[in-house]
Amino acid sequence: ELWEAKGAAVLAERARGNRRTATSSPGEASIRPAPQTANATQREYRRASANTASATVAAVDAAFARRDLEAVAALAGPTYSEVDHWTGATWDREAWLTSCRRLMRSRDLQFRNLPLAILGESLMLSRRSLSAAGAAGTRFDVGAYESEAICLLETDERGLVVHEDIFGTDHLGEAIALLYNRHAELLPEGPERTRAAATARSLAAMTGALDYVG
């Protein structure tokens, strides 16, 4: 009901669909994603893909599939910044592109964002998954690996990525709270901004109950 009220259709549908498989302890609820077929995933993507940010994320995914670093670079704004909440590390545009270049050298790279929620025209929350058969460089050689993260991405009016926050998959609640907080900051003064800010505060107070498991 909370997700429906706030327009997060994907999260609402997922919560309903996984109610029977969710595990909980007193005072805590957790959401487990049900296995998805390719068609279900496509339907979910279409439901969430409704703003500038989601279109940009789809373009980034396509660029990674082609190993097209120039296309990725063209989607990053000149003031792009990234915060990794796992480590506290921060990245600027050049550091991010250097990381993308190295990633694209990986063997059998798979890079994809599954939309979770959007707000306004410029914000999107996704679950990013990447895997590869291995990677090698002048100072390292690693085998197969995979990684998943919750990503909050913001674009400007041109559809360029200006900022991204990265969270562990067990910190979905924190990411959702930040999504609403950033949405409130982008709104003009008025009732809508007041409601969005109140929602952000409420979500921040219950982040532990919203964390993603699985």
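May I ask you to list the trypsin sites (Lys or Arg not before Pro) in region 149-211 that are in a DSSP loop and have at most 16 other Cβ atoms within 10 Å of their Cβ?
158
What do you get for GluC sites (Glu not before Pro) in region 93-195 restricted to DSSP loop and a cutoff of at most 12 other Cβ within 10 Å of the site's Cβ? Here the sparse-neighbourhood loop sites are 157, 189.
None of the figures in this text is laboratory data; all of them are computed from the coordinates on show. All values derive from a computational prediction rather than experimental measurement. Here Cβ is always computed from backbone atoms with ideal geometry, including for glycine, and neighbour counts include all displayed protein chains.
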